[in-house]
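Engineer: Would you mind keeping the following structure in view while I ask a few things?
A short reminder: the numbers here are calculations on the coordinates, not readings from a lab. Here the structure is a predicted model, which is why all the values come from computation and not from measurement.
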Ligand code: ADP
Ligand code: MG
């Protein structure tokens with residue numbers, strides 16, 4: 001290091017400014033060498049700060065990713081649209097520009113199990129996380145359980161508000177269980193709170209006509225649908241389960257070889 005510059009002073013500044021990359025270079029004895037690799041001092045400075053900014057962006061992205069609690073990482077690139085003709089690829093592509101998030105619009109995927117509803121919901125959520133939005137993925141069951149539990153220690157309002165703080169709330173698998181009066185009301189409150197302020201992505205294996213069987217009474221169903229569907233991108237999906245399709249094709253291939 002240049003004799004006129006005291007490493008400790010520099011290190012102290014890097015630490016206080018949380019300049020992790022520069023600190024690592026200095027501690028690894030590589031800072032001066034790195035800077036010497038540039039013709040112009042400003043080029044070197046720009047490179048160092050750009051790396052610092054990139055590292056910080058990645059740390060924030062990792063934090064948002066952990067906060068989103070995705071059960072799996074699914075990407076739009078891995079979705080085979082040929083295998084799911086009931087989904088319009090252009091509509092998904094348009095959604096992937098994420099304008100629906102600041103516009104607080106909703107996305108609803110309906111259809112039988114195994115056809116990619118959760119995959120698409122996660123893929124859009126992941127894109128949102130990568131773009132800088134805060135996202136929370138939760139199953140409908142876990143959502144209502146969490147709110148139920150919050151009644152016990154009087155934290156319902158705080159918990160409800162917490163669900164409203166994400167730019168995008170993904171509620172997966174509505175329809176696998178019926179909600180009693182309290183849970184129906186809690187679910188309504190989540191949707192009502194989100195209305196025109198937060199984007200919601202929802203997946204369900206039950207068509208809307210069957211939702212009256214999911215909730216405690218017809219009034220709450222129409223209140224939920226009213227808000228959910230006001231600004232919605234709706235995907236009515238159909239077809240065979242992707243998993244079973246794979247199995248069937250494997251079996252067929254197995255059959256071919258034994259012939
Ligand atoms: P659903 O939520 O509709 O029950 P999932 O999204 O969980 O279905 O899909 C089941 C599995 O099949 C997942 O591993 C998912 O990634 C995969 N899958 C479903 N549809 C497709 C598709 N069109 N292209 C690629 N993978 C798919
Ligand atoms: Mg699913």
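Engineer: Treating the angle as unsigned and between 0 and 90°, give the value, to the nearest 10°, between the Cα long axis of helix 181-194 and the longest Cα principal axis of the chain.
Structural biologist: The helix 181-194 is inclined about 50 degrees to the chain.
Engineer: Continuing with the same structure: First obtain the Kirkwood hydrodynamic radius of the chain from its Cα pairs, then insert it into the Stokes-Einstein equation at 4 °C and 1.567 mPa s, and state the resulting D in µm² per second as a whole number.
Structural biologist: Here the translational diffusion coefficient equals 60 µm²/s.
Engineer: Looking at the chain as a GNM with Cα springs under 10 Å, which of 72, 226, 24 has the largest mean-square fluctuation?
Structural biologist: Comparing 72, 226, 24 in a Gaussian network model of the chain, the most mobile one is 24.
Engineer: With springs only between Cα atoms under 10 Å apart, run a GNM on the chain and tell me which of 121, 152, 140 wobbles the most.
Structural biologist: Looking only at 121, 152, 140, the largest GNM fluctuation is found for 152.
Engineer: State, to one decimal in nm², a quarter of the convex hull surface area for the C-alpha atoms of the stretch 8-67, i.e. the direction-averaged projected area.
Structural biologist: Taking the Cα atoms of the stretch 8-67, their convex hull projects to 4.6 nm² on average.
Engineer: Under 8 Å for C-alpha pairs, at least 6 residues apart: give me the relative contact order for the chain, rounded to a whole percent.
Structural biologist: Normalised by residue count, the contact order of the chain is 23 percent.
Engineer: Taking only Cα atoms and a 10 Å spring cutoff, compute GNM fluctuations for the chain and point out the largest among 177, 31, 95.
Structural biologist: The residue that fluctuates most here is 31.
Engineer: Step by step: find N for the stretch 72-156, compute 2.2 N^0.38 Å, then divide the Cα radius of gyration by it. What's the final number?
Structural biologist: Taking the Cα Rg and dividing by 2.2 N^0.38 Å, one obtains 1.28.
Engineer: Let me ask something additional. Using the alpha-carbon atoms, what tilt in degrees (0 to 90, nearest 10) does helix 218-228 show relative to the longest principal axis of the chain?
Structural biologist: 40
Engineer: Rounded to the nearest 500, what is the chain's calculated 222 nm mean residue ellipticity when only DSSP H runs of at least 4 contribute -39500 (n - 2.57) each, over all residues?
Structural biologist: Computed ellipticity for the chain at 222 nm equals -16500 deg cm²/dmol.
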